[in-house]
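Participant: Once you've had a glance at the structure underneath, I'll fire off some questions.
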Ligand SMILES: [Mn+2]
């Protein structure tokens, strides 16, 4: 088992590589796009000025080429860090794959070029979230220990059927003007058909390129939001994703928080099953209290999941992959993002050391 740190695009700089190295993590999961405008949790992080300062970084990434990936891998190597995965395609890469729009085939061809470039550079894994709504519907409040600000999902606090304006996916505009009309609803059958075609075309390329494709579950894992059906919103839906394409290049970006939030299933049984069948790309290691339709994200050591039990299951399955801390509640200090990650990583290191 290895511990990594997820870094957003504006954190891909020397300062954050040193931070990771000082925490004792060995791997980085990198986001190459800026999601700060879309995600309320990240929008708050963006106000933490300690995130953006650094002497150099990857800079603006317009296209994802072999050179982009090689530059990142070489930068990390200077700090004895390895790239575990790229997390998420950009919305501009694949909005019509998600929506079955007119540019769908063109965008699939581009995604294939990205996967081949990643493979040529030595990127082992790309995580993705096959979702029309993206992360939407959270509320914020003092949900974690000591009143720490965190995110939650409370179905009574939102309008779950609020329509998506045309021109948006994942809370982000993919063209200059959005609306005035609303996007057509996406049914359960439609999202699974789109996903099946995505797997059919992408997994063979991922095998040739030697790049694992790892699916994050829906967050929040409800049936539908904004009139768009969710794809991986239950333990059984995750299993169905692997039945849809049996290649072991088809894996999970296994988010323990989302798994626990799901209405069905047992998080320990599912983790054991996926670890023993080579279905884990990498793991988002976080904790939560409650399930859909009402739950709160909490500190790693206060939620419903027994994190030590998860580590012992992974150890028994001889899991050799990477775990990264995922969202954390904000610790009240000048650098809430860094403090939250440092607390989670320290806790993870201790759990692994104790298991060994
Ligand atoms: Mn996650």
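The values are calculated or read from the model by the stated rules, or taken from the named source; none is laboratory data. The shown structure was predicted, so the numbers you read here are calculated from the model rather than taken from an experiment. No Cβ is skipped: glycine too gets one built from the backbone with ideal geometry, and neighbour counts run over all protein chains shown.
Participant: If you check residue 282 against the conditions, is it in a loop (DSSP other than H, G, I, E, B), touching a strand residue (DSSP E or B) at 6+ places or on another chain (Cβ under 9 Å) and closer than 24 Å to residue 213 by Cα?
Facilitator: Details: in a loop (DSSP other than H, G, I, E, B): no; touching a strand residue (DSSP E or B) at 6+ places or on another chain (Cβ under 9 Å): yes; closer than 24 Å to residue 213 by Cα: yes.
Considered against the rule, which asks whether it is in a loop (DSSP other than H, G, I, E, B), touching a strand residue (DSSP E or B) at 6+ places or on another chain (Cβ under 9 Å) and closer than 24 Å to residue 213 by Cα, residue 282 comes out as no.
Participant: Residue check, residue 305 against (1) under 20 Å from residue 3 (Cβ atoms); (2) in contact with a strand residue (DSSP E or B) (Cβ under 6 Å, 6 or more places away or on another chain); (3) touching a residue at least 60 places away in the same chain (Cβ under 8 Å), all met but one. Which one?
Facilitator: Checking residue 305 against (1) under 20 Å from residue 3 (Cβ atoms); (2) in contact with a strand residue (DSSP E or B) (Cβ under 6 Å, 6 or more places away or on another chain); (3) touching a residue at least 60 places away in the same chain (Cβ under 8 Å), the one that fails is (3).
Participant: While we're looking at this one, here's another question. Taking the condition of being within 16 Å of the ligand (Cβ to nearest atom), in a loop (DSSP other than H, G, I, E, B) and in contact with a strand residue (DSSP E or B) (Cβ under 7 Å, 6 or more places away or on another chain), how many residues in segment 166-218 meet it?
Facilitator: 2
Participant: Another question about this same structure. Residue check: is residue 324 assigned to a loop (DSSP other than H, G, I, E, B), modelled with pLDDT of 95 or more and surrounded by 22 or more Cβ atoms within 10 Å (Cβ to Cβ)? Step through it out loud before you land on a result.
Facilitator: On the way: assigned to a loop (DSSP other than H, G, I, E, B): no; modelled with pLDDT of 95 or more: yes; surrounded by 22 or more Cβ atoms within 10 Å (Cβ to Cβ): yes.
Taking the combined requirement at face value, the residue does not satisfy it.
Participant: Assess whether residue 256 counts as being under 17 Å from the mean Cα position of the chain (by Cα), crowded, with 21+ Cβ neighbours inside 10 Å and within 20 Å of residue 316 (Cβ to Cβ).
Facilitator: Details: under 17 Å from the mean Cα position of the chain (by Cα): yes; crowded, with 21+ Cβ neighbours inside 10 Å: yes; within 20 Å of residue 316 (Cβ to Cβ): yes.
It is true that residue 256 is under 17 Å from the mean Cα position of the chain (by Cα), crowded, with 21+ Cβ neighbours inside 10 Å and within 20 Å of residue 316 (Cβ to Cβ).
Participant: Please find, among 152, 156, the residue that is outside any loop (DSSP other than H, G, I, E, B), crowded, with 17+ Cβ neighbours inside 10 Å and at negative phi.
Facilitator: Values: 156 fails: crowded, with 17+ Cβ neighbours inside 10 Å.
After applying the criteria, what remains is 152.
Participant: Please find, among 292, 288, 298, 345, the residue that is within 14 Å of the ligand (Cβ to nearest atom) and under 21 Å from the mean Cα position of the chain (by Cα). Steps first, please.
Facilitator: Numbers: 292 fails: within 14 Å of the ligand (Cβ to nearest atom); 298 fails: within 14 Å of the ligand (Cβ to nearest atom); 345 fails: within 14 Å of the ligand (Cβ to nearest atom).
Of 292, 288, 298, 345, the one residue that is within 14 Å of the ligand (Cβ to nearest atom) and under 21 Å from the mean Cα position of the chain (by Cα) is 288.
Participant: Scan the helices (runs of 4 or more DSSP H) fully inside segment 232-278 and keep the ones with 1 or more residues being away from the ligand (no atom under 16 Å from the Cβ).
Facilitator: Details: elements: 235-244, 256-261, 267-276.
Because the criterion is at least 1 residues that are away from the ligand (no atom under 16 Å from the Cβ), the helices (runs of 4 or more DSSP H) in segment 232-278 that meet it are 235-244, 267-276.
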